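Enquirer: Let me give you the structure first, and then I'll get to my questions.
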Amino acid sequence: MTKLPPRLDIRNLKRSFEGRVVVDDVSLTIEPGQVTCLLGPSGCGKSTTLRMIAGVDMQDSGQIYVDGKLICDTVFRIPPERRNTGLMFQDFALFPHLSVAENVAFGLSGSRSEKAARVRELLGRVGLARFEESYPHELSGGEQQRVALARALAPRPRLMLMDEPFSGLDNRLRDEIRDETLDVLKQEDTGVLLVTHEPDEAMRMADEIALMRAGKIVQRGAPYNIYNAPRDKEAVGFFSDINVIDGVVRGALTDTPFGQFLAPGVPDGQAVEIVIRPQHFKIDFDRDGRGPDPTPSDGAAARGVVERARFMGNESLVEFRMDHDGSKLRVTVPNVFLPSVGKALWLSIRRDRCFVFPKVA
Ligand SMILES: Nc1ncnc2c1ncn2[C@@H]1O[C@H](COP(=O)(O)OP(=O)(O)OP(=O)(O)O)[C@@H](O)[C@H]1O
């Protein structure tokens, strides 16, 4: 069986504004039914990438293909309305003077009965069948969002482009609408590119995350892989708080107060950073000034004094001032663990959960 072309295939997209490169050689493919989240900090070029794919901005170089067909390069350009893409933005702007059904039917062609059938199908799918005759101002924010989704999906776009589409919703509603949206998109087999700066949203929605920084896609992969095999310190830090311990490599090992860490392939004398998420420490009690014995999986323990302890709901956050160098480490513990300030405890680091990266000057 011949493989179908990807829903979206962008190759080497570049865009500069006033001489500053904002999108720098971005390439990406999205398969039918796949949700890819373009995740990155504010200003890294996510929206600009999306706008070029939508056709409301034009790249300086590079090509965009939808279903294997070229829709835009530097000389050829199909206008936005003929790109077979649906758009959903944060301000989902329904037409206020049109009913819900008319809003959803807006971009549809075909006979009156065909249009009515498609509108009914989609409103049913997003759970708003009973609001057909209502007007946008009569609906809640979440309901309006679902109408916007139905409207974007009505013409059966091959590709859906979404720019922070849920950020206008309050927390609880956001989770619900996100899950519903995902279900509907999967049923329609649409390829989805969703722009977000929220790691939680990307983890929740994405089949694949494309991590973007300073105009470049620095890592792509399934959420599990991006979280557990990050390519650098910034990629770890994008998903959670981090602690960093400095070291220098000698014979593929780094000596630290927490014992030795493997640094395979790193040359002697190279400075490295050992990066640990707050939930990956082990805490032991002090036994007359001594901690637990070293183990291969947790290394040696180092002593610190509790500076602050706070209950956060699902977990407790404990901040330590370390004896060996006065540095601060942030540790989280499930449930309630609130040692008193000034108490000495021993910390060790799970070797399978930390990352060792060469230090970038
Ligand atoms: N039309 C424009 N003219 C000049 N500069 C622009 C233009 N559009 C975007 N930029 C700049 O390009 C950079 C990237 O903007 P972009 O909106 O793509 O970032 P983003 O990653 O989507 O950020 P956010 O999450 O804040 O929306 C920013 O520094 C922005 O100021």
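Enquirer: Among residues belonging to region 229-247 that are crowded, with 21+ Cβ neighbours inside 10 Å and in contact with a Gly (Cβ under 9 Å, 6 or more places away or on another chain), point out the one that is farthest from F320 (Cα to Cα).
Expert: P230
Enquirer: If you don't mind, there's one more thing I want to ask. Of all residues in region 292-317, which are closer than 18 Å to F258 by Cα and not in a loop (DSSP other than H, G, I, E, B)?
Expert: Within region 292-317, T295, G299, A302, R303, G304, V305, V306 qualify.
Enquirer: Sort through R330, R321, R303 and tell me the only one that's touching a Gly at 6+ places or on another chain (Cβ under 9 Å) and closer than 19 Å to I242 by Cβ.
Expert: Unique residue meeting the criteria: R321.
Enquirer: Do we have G269 as without any contact (Cβ under 8 Å) to a residue 24 or more places away in the chain and surrounded by 15 or more Cβ atoms within 10 Å (Cβ to Cβ) here?
Expert: no
Enquirer: Follow-up question, since we're still on this one. Report, ordered by the first and then the second residue, all pairs with beta carbons closer than 9 Å, sequence separation of six or more or different chains, a first member in region 219-243 that is more than 23 Å from A361 (Cα to Cα) and in the same structural domain as T29 (by TED's automatic domain parsing), and a second member that is basic (K, R) and in a helix (DSSP H, G or I).
Expert: P223/R204; N228/R353
Enquirer: Does L28 satisfy being touching a residue at least 12 places away in the same chain (Cβ under 8 Å), near the ligand (Cβ under 9 Å from one of its atoms) and either surrounded by 15 or more Cβ atoms within 10 Å (Cβ to Cβ) or aromatic (F, W, Y) (or both)?
Expert: no
Enquirer: So which of L108, L70 is surrounded by fewer than 20 Cβ atoms within 10 Å (Cβ to Cβ) and under 30 Å from D25 (Cβ atoms)?
Expert: L70
Enquirer: Let me ask something else. For region 168-193, how many residues meet the condition of being within 16 Å of the ligand (Cβ to nearest atom) and touching a Leu at 6+ places or on another chain (Cβ under 7 Å)?
Expert: 1
Enquirer: Quickly run through region 5-23 and pick out the residues that are surrounded by 18 or more Cβ atoms within 10 Å (Cβ to Cβ), aliphatic (A, V, I, L, M) and more than 9 Å from the ligand (Cβ to nearest atom).
Expert: L8, I10, L13 - these are the residues of region 5-23 that are surrounded by 18 or more Cβ atoms within 10 Å (Cβ to Cβ), aliphatic (A, V, I, L, M) and more than 9 Å from the ligand (Cβ to nearest atom).
Enquirer: With the requirement that a residue be of a type in the set (A, V, I, L, M) and either in a strand (DSSP E or B) or within 19 Å of Y227 (Cβ to Cβ) (or both), what does region 150-181 give you?
Expert: Result: L159, M160, L161, M162.
Enquirer: Given the residues I209, I245, which is the only one that is within 16 Å of the ligand (Cβ to nearest atom) and among the β-branched types (V, I, T)?
Expert: I209
Enquirer: Oh, and also: Identify all residues within region 26-75 that are in contact with a Pro (Cβ under 8 Å, 6 or more places away or on another chain) and either part of a helix (DSSP H, G or I) or of a type in the set (S, T, N, Q) (or both); write none if there are none.
Expert: Answer for region 26-75, where residues must be in contact with a Pro (Cβ under 8 Å, 6 or more places away or on another chain) and either part of a helix (DSSP H, G or I) or of a type in the set (S, T, N, Q) (or both): T29, A54.
Enquirer: Restricting to region 289-299, name every residue that is over 16 Å from R353 (Cβ atoms) and at pLDDT 90 or above.
Expert: Hits for region 289-299 are R290, G291, P292, D293, P294.
Residues checked against (1) modelled with pLDDT of 95 or more; (2) within 30 Å of V21 (Cα to Cα):
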{"site": "T190", "(1), (2)": "no, no"}
{"site": "L193", "(1), (2)": "yes, yes"}
{"site": "I209", "(1), (2)": "yes, yes"}
{"site": "Y227", "(1), (2)": "no, yes"}
{"site": "P264", "(1), (2)": "no, no"}
{"site": "I274", "(1), (2)": "yes, no"}
{"site": "P278", "(1), (2)": "yes, no"}
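Enquirer: Please list, ordered by first then second residue, the pairs with beta carbon atoms under 8 Å, 6 or more apart or interchain, first in region 112-140 and over 19 Å from T181 (Cβ atoms), second β-branched (V, I, T).
Expert: Qualifying pairs under 8 Å: E132/V100; E132/V119; E133/V100; S134/V100; Y135/V100.
Enquirer: Please go through region 32-67 and pick out each residue that is away from the ligand (no atom under 13 Å from the Cβ) and crowded, with 17+ Cβ neighbours inside 10 Å.
Expert: Q34, V35, T36, G55, G62, Q63, I64, Y65, V66
Enquirer: Within region 212-234, which residues are among the aliphatic types (A, V, I, L, M) and closer than 19 Å to G265 by Cβ?
Expert: A229
Enquirer: Quick one: which residue in S327, S297 is touching a helix residue (DSSP H, G or I) at 6+ places or on another chain (Cβ under 6 Å) and either free of Cβ contacts under 8 Å to residues at least 12 places away in the same chain or not assigned by TED's automatic domain parsing to the domain that holds Y227 (or both)?
Expert: S297
Enquirer: Can you tell me which of A210, A202 is under 24 Å from P32 (Cα atoms), in a helix (DSSP H, G or I) and among the hydrophobic types (A, V, I, L, M, F, W, C)?
Expert: When all the criteria are applied, what remains is A202.
Enquirer: Got a sec? Which of I217, I226 is surrounded by 17 or more Cβ atoms within 10 Å (Cβ to Cβ) and away from the ligand (no atom under 16 Å from the Cβ)?
Expert: Going through I217, I226 in turn, the sole match is I226.
The values are calculated or read from the model by the stated rules, or taken from the named source; none is laboratory data. Predicted model only: the values in this text are computed from it and were never measured. Don't worry about glycine lacking a Cβ; one is built from the backbone with ideal geometry, like all the others, and counts go over all protein chains shown.
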